[in-house]
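Encoded as structure tokens, the structure appears first; notes follow it.
Every number here is computed from the coordinates shown, using simple stated rules; none is lab data. What you are looking at is a predicted structure, and each value in this text was computed from that prediction instead of being measured. Neighbour counts are summed over all protein chains in view; Cβ atoms, including those assigned to glycine, are modelled from backbone coordinates with ideal geometry.
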Amino acid sequence: MDPVDTTRLQRLARAFTESAVLYAAIDLELFTHVSAGAGSIPDIAAATGMSELNAERLITVALAMGLLRKNDADRIVNAPDCEKYLVKGGPRYAGPWMTFTRPEVPRWFELTEKLLDPTPPTELGMYDDLTVERARSYHAATYSIGMGAGRRFCRQVDLTGRRRMMDLGGGSGAYSINAVQRFEGLEAVVFDLPPVTVVTQEYLAENEVTDRVTTLGGDFINDPLPSGCDVAVMASNLPIYNAENIQKVVTKAFEALEPGGEMHLIGETLDSDGIGPLDAALWGLAEIHYGSGGRAHSDAECIGYFETAGFVDVANHEFVPNTLTRTFGRKPA
């Protein structure tokens, strides 16, 4: 038997320090400077404005975390994911998304009190009293990662021959933008809260798809869904809602779809036994900070939502390993 010690527990107790290092590296544009050729401690100190001592401190930890590496010439270089996503000005820069939850850090250290708070949750949580400006700020952070997910969806799912897609809670319209650009003849409607659709229209215009993608403001839990659609997509909002509301939306989508239509629910799901992945579990717990009734759902539960609604050929597909699952179902013709 392996000896039991406190190593794992100590790592968890100090995990916040690793987040702080990543935030500081993004603030200082460390990965941008390294990508541009700053490959030594003096180079990085000069580029960022740190002292050489502080540059050494930061780089030592970033190397240990695997954020930076050393090449054969003993020069400091970015890890592949940092090079791809954390170089400012790059086509897939995701710095705003990586720091999106940074303001929530103090709330997580109030978790004990929140777990004991008897205040009943609301239906929409953080989306109650949403303003256009809050929606714009939110999607400025999530747009780049959403476009990546939209591209991935179009690689995994063949919508050839489909006519109209309803994008439920589509936000920036990333899935719709990619879908109409990829599949000839496809149109889409992004159905989201009215303040969000104002922002959606800005992204649709930026991507020059306003002739193929429209918006419709409403609450997909309580308002009628768009008609005349043969595809439904609901992505990245699964943990916001409880089981009753997810079932309600999936059933409404089934009823609204044309015969033979299909639905794709993409979200952070637990394994069928309810044990992990950790990311899905944490997204469910995070809803305590927003005051919603949301929680983590398992992939088995998602299968159940679809089958209860009447979908056939229901199956789960890996979307992003250990992060996102895509549940598929077809409405009988």
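At a glance:
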read-out	value
Summed side-chain charge close to PHE191 - residues other than PHE191 whose Cβ falls under 14 Å, Lys, Arg +1, Asp, Glu -1	-3
Overall Cα dimensions of the chain, principal axis frame, Å, largest first	66, 48, 42
The range 1-150: equivalent-ellipsoid semi-axes (sqrt of 5 x gyration tensor eigenvalues, Cα, Å)	33, 24, 14
DSSP H segments from the chain that extend 15 Å or more along their own axis, Cα-based, with Kyte-Doolittle mean of 0.5 or above	15-27, 52-65, 278-290
Positive minus negative residues near HIS317 (Lys, Arg vs Asp, Glu; Cβ under 15 Å)	-3
Over the range 157-208, volume per residue of the alpha carbon convex hull, in Å³	63
Residue-averaged 222 nm ellipticity for the chain, from DSSP H runs of 4+ at -39500 (n - 2.57), nearest 500	-13500 deg cm²/dmol
Max mean-square fluctuation residue, GNM over the chain, Cα-Cα springs under 10 Å, options ALA205, ALA149, ALA179	ALA205
Positive dipole terminus of the range 48-134, leading residue within THR112, PRO91, THR122 (C-beta point charges)	PRO91
The chain: most fluctuating residue of ARG212, ARG164, ARG75 per GNM, C-alpha cutoff 10 Å	ARG75
Spherically averaged projected area of the range 197-333 from its Cα convex hull (nm²)	9.0
Amide proton proximity set for THR122, modelled H, under 5 Å, gap of 5+	SER292, GLY293
The range 138-250: equivalent-ellipsoid semi-axes (sqrt of 5 x gyration tensor eigenvalues, Cα, Å)	20, 16, 14
Surrounding net charge for ALA300, when Lys and Arg each add one and Asp and Glu each subtract one, Cβ distance under 10 Å	-4
Base-10 log of normalised Debye intensity for the range 91-165 (one unit scatterer per alpha-carbon) at q = 0.13, 0.17, 0.18, 0.21 Å⁻¹	-0.67, -0.94, -0.99, -1.08
Debye log10 I(q)/I(0) for the range 7-90, one point scatterer per Cα, at q = 0.23 Å⁻¹	-1.10
Contact order normalised by residue count of the chain, Cα under 8 Å, 6+ apart, percent	12
